[in-house]
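Before any comments, here is the structure.
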Amino acid sequence: MSQHEAAESRLGIVGAGKIGTAIARATIGGGYAVAISGSGAADRIELIVEVLAPGAHAVTTEAVVRHADLIVLAVPMHRFRELPHDLFAGKILVDAMNYWEEIDGVDKELATAPCGTSVVVQDWFQSSRVVKSLNHLGYFKFEQGRRPRDAADRLALAAAGNDPDALKAVLQLIDRLGFDAVEVGSLNAGAALQPNGPAFGIAHSADQLLNLPWPEASCD
């Protein structure tokens, strides 16, 4: 394996909850070297990771950033602002978070974001390249829905973002996870992947996803 191929096979995950560990299990199965962090010291999640995502390495968030150029952010959404603005500078940041008022509290900026919450995340981490993905299928469906490439019943996952190279990397990740990868437009289109959006919580094929109403017009 070349140095470039090795770099493309490294994934970082920030967030060791149900979604983060489910993504870790799937990406390990897809051939990625995975480093995952929770809140605080790495030893706080070592046992959780060993049991729920064997093969992943429990590390600090700073070590996750050093490990990979492709990082999944899967923390409760009210906590992303606890992370420094420049933490993910130059990285591809997959926003796998969803805003839930009962969990995250009342957050007017997130609740009323006209272009979707991922635009708010991009504004916070301006030096990163945010792609909205891995959030619109529940972790149980995510785990049960993985299929080999060209399987007749393969489900699809969508990705929305403004940076073509970042989108390409996330689409490759989705495919290696066992889903058809569907590019659905700019980061604004990520609003359709959020709770109450037309793509959220429903298992779709690639054709079904593509035929959903994806917002592309100005949403200011």
When the accessible area of the chain is split by element with a 1.4 Å probe, what percent falls to carbon and sulfur? 52
Accessible surface, segment 64-167, averaged per residue in Å² (probe 1.4 Å): 47
Rounded to the nearest 20 debye, dipole of segment 80-184 from Cβ charges on Lys, Arg, Asp, Glu: 420
Given the -39500 (n - 2.57) contribution per DSSP H run of 4+ residues, what per-residue ellipticity at 222 nm results for the chain, rounded to the nearest 500 deg cm²/dmol? -8500 deg cm²/dmol
Using a cut-off of 29 Å between alpha-carbon atoms, which lysines can reach residue 168, once sequence neighbours fewer than 8 places away in the same chain are excluded? 18, 91, 132, 141
So what's the gap between the Cα centers of segment 151-197 and segment 55-105, to the nearest angstrom? 18
Given a 10 angstrom Cα cut-off, can you work out which residue in 131, 34, 106 is the most mobile in a GNM of the chain? 106
Net charge around residue 118, counting only other residues with Cβ within less than 10 Å of its Cβ (Lys, Arg = +1; Asp, Glu = -1)? -1
Counting only DSSP loop positions in segment 26-99, the chymotrypsin sites (Phe, Trp or Tyr not before Pro) whose Cβ has at most 11 other Cβ atoms within 10 Å are none
Shape call, the chain: gyration tensor on alpha carbons, a/c limit 1.5: rounded
Given charges of +1 on the Cβ of Lys and Arg and -1 on the Cβ of Asp and Glu, with all other atoms neutral, how large is the dipole of the chain about its Cα centre, in debye to the nearest 20? 440
Given Cβ charges of +1 for Lys and Arg and -1 for Asp and Glu, the option among 182, 160, 204 whose Cα lies farthest towards the positive end of the dipole of segment 140-220 is 204
Solvent-accessible surface (1.4 angstrom probe) belonging to residue 19, in square angstrom, nearest 10: 50
Going toward the positive end of the dipole of segment 33-158, with +1 on Lys and Arg Cβ and -1 on Asp and Glu Cβ, which of 151, 128, 112 do you reach last? 151
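The values are calculated or read from the model by the stated rules, or taken from the named source; none is laboratory data. Here the structure is a predicted model, which means the values were calculated and not measured. Here Cβ is always computed from backbone atoms with ideal geometry, including for glycine, and neighbour counts include all displayed protein chains. The area values use the complete protein model at the heavy-atom level, side chains included, leaving out ligands, DNA and RNA. Shrake-Rupley method; radii C 1.70, N 1.55, O 1.52, S 1.80 Å.
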